[in-house]
Structure formats: structure tokens, C-alpha cells
Amino acid sequence: MTEKTELAGKIVLVTGASRGIGYAAALQAARRGAHVIAVARTVAGLEALDDEIQKFGGSTTLVPLDLRDGDAIDRLGAAIFERWGHLDGLIANAGQLGVLNPVAHIKPDDFDKIFAVNVTANYRLIRSLDALLRAAENGRAVFISSSSARSKRPFWGLYAASKAALDALVKSYAGELASTTVRVNAFYPGAVRTAMRAKAMPGEDPQTLPTPDDIAPALIDLLNPSLDEQGRVYNVETGVFEEI
Ligand SMILES: NC(=O)c1ccc[n+]([C@@H]2O[C@H](COP(=O)([O-])OP(=O)(O)OC[C@H]3O[C@@H](n4cnc5c(N)ncnc54)[C@H](OP(=O)(O)O)[C@@H]3O)[C@@H](O)[C@H]2O)c1
């Protein structure tokens with residue numbers, strides 16, 4: 001069934017699993033034997049993922065959820081505790097681009113919405129899932145950020161600031177887990193052929209970009225129990241771990 005089976009029997013939660021990078025990551029984790037808890041708002045996307053995973057004998061739990069609902073994230077943590085008592089892997093991937101505008105022109109609602117998904121939701125996931133990751137034999141958490149956090153390009157301020165905030169959260173959280181078996185890192189996927197990238201770069205030929213399936217193996221490698229990196233970022237563009 002699978003080439004690698006190091007995630008056999010593991011419980012892995014993937015946010016933003018209805019399309020794009022999260023969908024491919026969920027598929028890859030299932031191919032390696034994990035039971036995937038798939039979170040997103042779009043039920044049709046989650047069901048398509050479930051169909052694809054079932055075809056090779058894998059299993060999922062589908063969780064239609066708006067990640068801006070912090071109480072729902074708390075309920076999700078409680079449900080995972082009730083059913084499994086621990087969480088082996090978290091791929092915190094869901095994110096939004098927002099508007100590409102001069103900072104002075106960003107509307108307050110747009111600013112709040114992007115920070116709610118890209119930053120606050122990830123804090124709420126940490127708050128809800130921390131004890132479950134610690135309860136696992138080798139808990140692994142990966143937060144999908146972006147090299148935009150470093151670029152500070154004009155018009156990308158909203159997205160860049162949200163990803164820089166996420167990087168800071170990841171770095172601090174990883175430090176807090178230094179003496180545990182949990183490993184926490186960020187992941188910069190580079191430019192990937194998804195709906196978000198098409199929105200950001202409408203003039204670009206998508207065929208020139210790697211697909212989510214191309215990068216998913218490198219992402220899921222960060223869930224490996226043997227991984228020792230802590231509080232760093234794996235950058236697909238350079239192919240190595242870097243300081244956040
Ligand atoms: N593609 C790139 O070139 C690129 C580059 C650097 C970083 N990234 C990062 O990679 C991650 C995935 O991006 P992508 O390109 O795959 O984007 P995408 O195709 O737009 O997918 C985004 C995913 O996030 C989910 N999501 C968004 N808002 C949500 C909410 N409020 N509640 C629950 N789920 C939500 C979406 O699901 P629903 O809409 O169904 O809820 C969808 O599954 C993002 O964090 C992005 O910033 C992407």
C-alpha cells in the first residue's frame with residue numbers, strides 16, 4: 001500500500017485539508033499509514049479527500065470547521081482526547097492570503113480576518129492540542145508559514161506580518177518544549193500550484209510551479225519520529241533547515 005510506513009497507527013491532524021497543500025499533505029500522511037483528522041470548511045473537499053484515502057485502505061475523520069471559531073477548536077481537542085488520548089502529528093496548514101494592498105489601504109476587517117486564520121487559529125490549536133502532543137510518544141507539529149515573513153515586500157504587508165507572527169509563535173513554543181519529546185518546526189513551501197498562489201500571481205503560468213503533491217513528502221517527513229530539529233524552518237526553496 002505505501003512506500004513508507006513510519007506513520008502506521010499514528011493520529012495526524014491536518015488543517016486546510018480541503019484543497020491545495022493541506023489536501024496533498026493529508027493524502028501523504030495517510031499513504032504512510034496515519035489516521036488523518038482532516039479540518040477545513042469545505043465539506044466537498046474533505047469528502048473528496050476521504051474518497052481518495054479510502055481507495056488505498058486508509059482512514060480519516062472529517063471535521064468541517066471554521067478555524068476562526070476558537071471554542072470549536074477547544075471542542076476538537078476534547079474530542080481527540082476522548083477518542084485517542086493523544087495526538088502524534090499536527091500539520092497546521094490552513095491560511096489565507098488576504099488582500100495585496102498598501103498597508104495604509106488595508107481595511108480593518110480584512111486585517112482582523114487574516115490574523116484570525118493565520119495567527120490566532122494557530123495559537124488556539126496550540127492551546128487546545130499541546131497536552132495531546134505531549135501525551136504522544138513523539139509528538140510532532142509543523143506550521144506552514146512562508147518566506148514572505150522575511151521578504152517584507154510592498155503590498156504583501158498583511159500576509160507577511162501574519163506569517164512573521166506565526167514564525168515567532170512557533171519559535172517560542174518550540175523553546176518551551178525543548179525538554180520534551182515533542183518537536184515543533186515551521187515549513188516554507190516556496191511557490192506551489194494552488195488557488196492561493198493563483199490569486200497572488202494571476203499572470204503566472206501555473207504549469208511552471210511544483211504541485212502540492214511534489215512538496216508533500218518533504219512536509220510529512222517533518223512528522224517522522226526520528227526528526228530531531230526543534231524551532232527551525234524547513235525551506236523547500238533551499239532544501240535545508242534554517243533558523244527562523
Ligand atoms: N501556495 C503557495 O505558493 C504558498 C506559498 C507559501 C506559503 N503557503 C501557505 O501554505 C498554506 C496552504 O496554502 P495553499 O496554497 O494550499 O492555499 P489554498 O489552496 O487556498 O488552501 C487553503 C486551505 O486553508 C483552508 N482554510 C482557509 N481559511 C480557513 C478557515 N477559516 N477555517 C478552516 N480552514 C480554512 C482552506 O479550506 P476551506 O476554504 O475549505 O475552509 C483550504 O483547505 C497556507 O498557510 C499558505 O499561506 C502557500
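The values are calculated or read from the model by the stated rules, or taken from the named source; none is laboratory data. Just so you know, these numbers come straight off a predicted model, no measurement behind them. All Cβ positions, even for glycine, are placed from backbone atoms using ideal geometry, and neighbour counts span all protein chains on display.
Using beta carbons and a limit of 9 Å, which pairs, at least six apart or on different chains, have the first residue in the stretch 192-215 and assigned to a loop (DSSP other than H, G, I, E, B) and within 12 Å of the ligand (Cβ to nearest atom) and the second one modelled with pLDDT of 95 or more and charged (D, E, K, R)?
From the stretch 192-215, the pairs are Val192/Asp214; Arg193/Asp214; Thr194/Arg19; Glu204/Arg197; Leu209/Arg193; Leu209/Arg197; Pro210/Arg193; Thr211/Arg193.
Which members of the stretch 185-197 meet the condition of being buried (at least 19 other Cβ atoms within 10 Å of the Cβ) and touching a Lys or Arg at 6+ places or on another chain (Cβ under 8 Å)?
Asn185, Ala186, Thr194
Taking the condition polar (S, T, N, Q) and in a helix (DSSP H, G or I), does Asn138 pass?
no
What number of residues in the stretch 83-124 are more than 15 Å from the ligand (Cβ to nearest atom) and either assigned to a loop (DSSP other than H, G, I, E, B) or charged (D, E, K, R) (or both)?
Residues flagged as more than 15 Å from the ligand (Cβ to nearest atom) and either assigned to a loop (DSSP other than H, G, I, E, B) or charged (D, E, K, R) (or both) within the stretch 83-124 amount to 10.
Take the stretch 28-59 and flag every residue that is within 13 Å of the ligand (Cβ to nearest atom) and more than 13 Å from the chain's Cα centre (by Cα).
Within the stretch 28-59, Arg41, Thr42, Val43, Ala44, Gly45, Leu46, Glu47, Ala48, Leu49 qualify.
Conditions: (1) more than 14 Å from Pro64 (Cβ to Cβ); (2) assigned to a loop (DSSP other than H, G, I, E, B). Ala29 meets all but one. Number of the miss?
Exception for Ala29: condition (2).
In this structure, does Tyr173 turn out to be in a helix (DSSP H, G or I), more than 15 Å from the ligand (Cβ to nearest atom) and touching a helix residue (DSSP H, G or I) at 6+ places or on another chain (Cβ under 9 Å)?
Details: in a helix (DSSP H, G or I): yes; more than 15 Å from the ligand (Cβ to nearest atom): yes; touching a helix residue (DSSP H, G or I) at 6+ places or on another chain (Cβ under 9 Å): yes.
Yes; evaluated as a whole, the condition is true for this residue.
Out of curiosity, is Gly57 at positive phi, at pLDDT 95 or above and buried (at least 19 other Cβ atoms within 10 Å of the Cβ)?
Details: at positive phi: yes; at pLDDT 95 or above: yes; buried (at least 19 other Cβ atoms within 10 Å of the Cβ): no.
It is false that Gly57 is at positive phi, at pLDDT 95 or above and buried (at least 19 other Cβ atoms within 10 Å of the Cβ).
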